[in-house]
Amino acid sequence: METQQIIKLKSDFDKIVHNEDGVEYWLARELQTVLGYKTWENFYEAIIRAQTACKNSGKNIEDHFRETTKLIVIGRGGHRNVVDFALTRYACYLTAQNGDPAKDEIAFAQTYFASQTRKAELIEERMKALHRIQMREQLKETEKRFSQNIYEHGVDENGFARIRSKGDQALFGHPTAEMKRRFGAEGKPLADVLPPITIAAKNLAMEMTNIRIETENIQGEAPITSEHEQNNSSVRHTLIDRGIYPENLSPEEDIKKVERRIKLEEKKLPDASQNFSKKK
């Protein structure tokens, strides 16, 4: 998500915040609009799921989801009341967590409401961290499929390690052990300290190998190694053509530390979010 898009979304979310007796809250029907939902029915489903999550976390639903009404205009100048909800920051966070993950607005909202300080630069920083975590999880899934594929095509566990190492050699121009030493990643997976573009590169090369193994029925360690080396080499050449040398990029913070920090922040969110039973 681009910086300008983040700034715009932040402005949209800031405009709809309300304050009652010192308690920040958002109205569901206003939130529906900025989250990109065209119909109340679809958004209401996310609210119901969020209420369930609130209850399962041991919190009182009424403290965070206060039912109210909104007067709307209907045909021929008429009016009628429709159901609405006043949502605390925690309720908004849960609603975003249970929203449509394909929407950029939902991804932004998850961070906006989880952040203790809603400054644009901190939101952007957290969103980048979440994006990197998501990419790392995708690589893990690709590696699982890769492991299963080569096992089914005549390669044992030791062979799997050798093939992955050959792939790293082709992608980085250095063996895995050397890259771990360079990046200070001894004793942990190399991918845990890689920047997003390199995680994506490893994932792409491995997915290419997976598809080739499956469609061409490649059997045995030597042919699979050759295929994996070629795919990693192709990805490396693509990066180098754009002036990007993966071995020279700076390592990033250990992904496990990032995950722990984000989980801790989210765990503290219910306590930091004022609720309707604690009005000043």
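The values are calculated or read from the model by the stated rules, or taken from the named source; none is laboratory data. Keep in mind that this is a model prediction, so the values were computed, not measured. Ideal geometry is used to build each Cβ from the backbone, glycine not excepted, and the neighbour counts take in all protein chains shown.
Given Ala28, Ala86, Ala102, Ala53, which one is under 30 Å from Pro196 (Cα atoms) and out of contact with any Pro (no Cβ under 9 Å at 6 or more places or on another chain)? That would be Ala102, the only listed residue that is under 30 Å from Pro196 (Cα atoms) and out of contact with any Pro (no Cβ under 9 Å at 6 or more places or on another chain).
Got at least one residue in the stretch 98-119 being modelled with pLDDT of 85 or more, touching a helix residue (DSSP H, G or I) at 6+ places or on another chain (Cβ under 7 Å), among the acidic types (Asp, Glu) and crowded, with 20+ Cβ neighbours inside 10 Å? Scanning the stretch 98-119, I find at least one residue that is modelled with pLDDT of 85 or more, touching a helix residue (DSSP H, G or I) at 6+ places or on another chain (Cβ under 7 Å), among the acidic types (Asp, Glu) and crowded, with 20+ Cβ neighbours inside 10 Å, so the answer is yes. Checking each residue in the stretch 203-240 for being out of contact with any helix residue (DSSP H, G or I) (no Cβ under 6 Å at 6 or more places or on another chain) and of a type outside the set (A, V, I, L, M) picks out Glu214, Thr215, Glu216, Asn217, Gln219, Gly220, Pro223, Ser226, Gln230, Ser234, His237, Thr238.
Scan the stretch 14-24 and give yes if some residue there is crowded, with 19+ Cβ neighbours inside 10 Å and assigned to a helix (DSSP H, G or I), otherwise no. No: zero hits.
Within the stretch 7-31, residues that are within 13 Å of Thr68 (Cβ to Cβ) have Cβ atoms under 7 Å from residues that are part of a strand (DSSP E or B) and basic (Lys, Arg) in these pairs: Arg29/Lys70, counting only partners at least 6 apart in sequence or on another chain.
Here's the yes/no breakdown for (1) at pLDDT 95 or above; (2) assigned by TED's automatic domain parsing to the domain that holds Gln138; (3) under 16 Å from Thr88 (Cα atoms); (4) touching a Leu at 6+ places or on another chain (Cβ under 8 Å):
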residue	(1), (2), (3), (4)
Asp241	yes, yes, no, no
Tyr245	yes, yes, no, yes
Asp254	yes, no, no, no
Gln274	no, no, yes, no
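Determine whether Gln274 is in contact with a strand residue (DSSP E or B) (Cβ under 6 Å, 6 or more places away or on another chain) and either part of a helix (DSSP H, G or I) or surrounded by 15 or more Cβ atoms within 10 Å (Cβ to Cβ) (or both). When the stated conditions are applied, Gln274 passes them. Just one of the listed residues (Ile211, Ile262, Ile224, Ile199) is part of a helix (DSSP H, G or I), modelled with pLDDT under 95 and out of contact with any strand residue (DSSP E or B) (no Cβ under 6 Å at 6 or more places or on another chain), and it is Ile262.
For the stretch 34-52, taking the residues that are over 22 Å from the mean Cα position of the chain (by Cα) and either under 21 Å from Ala120 (Cβ atoms) or aromatic (Phe, Trp, Tyr) (or both), the one that is modelled with the lowest pLDDT is identified as Trp40. Inside the stretch 226-280, residues that are closer than 26 Å to Ala200 by Cα and aromatic (Phe, Trp, Tyr) make up a count of 1.
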